[in-house]
Amino acid sequence: MRSLDFKRRQSFAVYESKRKALQAVATNQHLDISLRWWAQLEKSKLPRKSSLSRVHNHCVETGRSRSVISFYKLSRLHFRRLASKGAFSGLRKACW
């Protein structure tokens, strides 16, 4: 399932190097103010969805955005369902 999260991660990967280069120029205090202003202006023209802060973890199976276990990239509900079926080796439900 290709979710919105996947598209945003792809968009971030495409624009990452350009965004970082413009950010380096915009924050460099040794450069002329007009050049720094230009870099900031060019950075603002980039698509908003290409920003790293817009990337949010989503479950790769269901697309759920809340309570995602980042190591497995699964929501807690789907993770629990798969763990109960024994899909993960060495993982057991704790009971005492």
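Report the gain in length on full extension from Thr62 to Lys85: 0.36 nm times residue separation, minus Cα-Cα distance, nm rounded to one decimal.
Working: separation 23, 0.36 × 23 = 8.28 nm, distance 1.72 nm.
Length gained between Thr62 and Lys85: 6.6 nm.
Tilt of helix 4-27 relative to the longest C-alpha principal axis of the chain, in degrees (0 to 90, nearest 10)? Rounded to the nearest ten degrees, it is 30. Computed on the chain, with alpha-carbon pairs under 8 angstrom and 6+ residues apart, the relative contact order is 24 percent.
The residues neighbouring Arg8, those whose beta-carbon lies less than 9 Å from its own, together hold a net charge of +3 under the Lys/Arg +1, Asp/Glu -1 convention. Shown for the chain: the carbon plus sulfur share of the solvent-accessible area, taken with all protein chains present and a 1.4 angstrom probe, equals 54%. Largest GNM mean-square fluctuation across Ser65, Ser11, Ser53, computed for the chain with C-alpha springs under 10 Å, falls on Ser53. Coupling constants for region 41-48 follow from the phi torsions by the Karplus curve (6.51 cos²θ - 1.76 cosθ + 1.60, θ = phi - 60°), and in residue order they are 5, 5, 5, 6, 7, 5, x, 5 Hz; glycine and proline get x. Which of the lysines could a cross-linker bridge to Lys18, judged by Cα under 16 Å and excluding same-chain residues fewer than eight apart? Once the sequence-local lysines are set aside, what remains near Lys18 is Lys43, Lys45, Lys49.
Round to the nearest 0.05 the FRET efficiency obtained for Ala13 and Ser70 when R0 = 22 Å and r is the Cβ-Cβ distance. Before the final figure, lay out the partial values.
Details: r = 18 Å, r/R0 = 0.82.
About 0.75, to the nearest 0.05.
Relative to the first principal axis of the alpha-carbon coordinates of the chain, what is the inclination of helix 76-85, with its axis defined by its Cα atoms, in degrees from 0 to 90 and to the nearest 10? That works out to roughly 40 degrees. Backbone phi angles across region 30-40, fed through the Karplus curve with coefficients 6.51, -1.76 and 1.60 (θ = phi - 60°), yield HN-Hα couplings of 7, 8, 5, 5, 5, 5, 5, 5, 4, 4, 5 Hz in residue order; Gly and Pro are listed as x.
The values are calculated or read from the model by the stated rules, or taken from the named source; none is laboratory data. In this text, all values refer to a predicted model and were calculated from it rather than measured experimentally. Glycine gets a Cβ as well: all are built from the backbone with ideal geometry, and neighbour counts include every protein chain shown. What goes into the accessible areas is simple: the full protein's heavy atoms, side chains included, and nothing from ligands, DNA or RNA. Shrake-Rupley method; radii C 1.70, N 1.55, O 1.52, S 1.80 Å.
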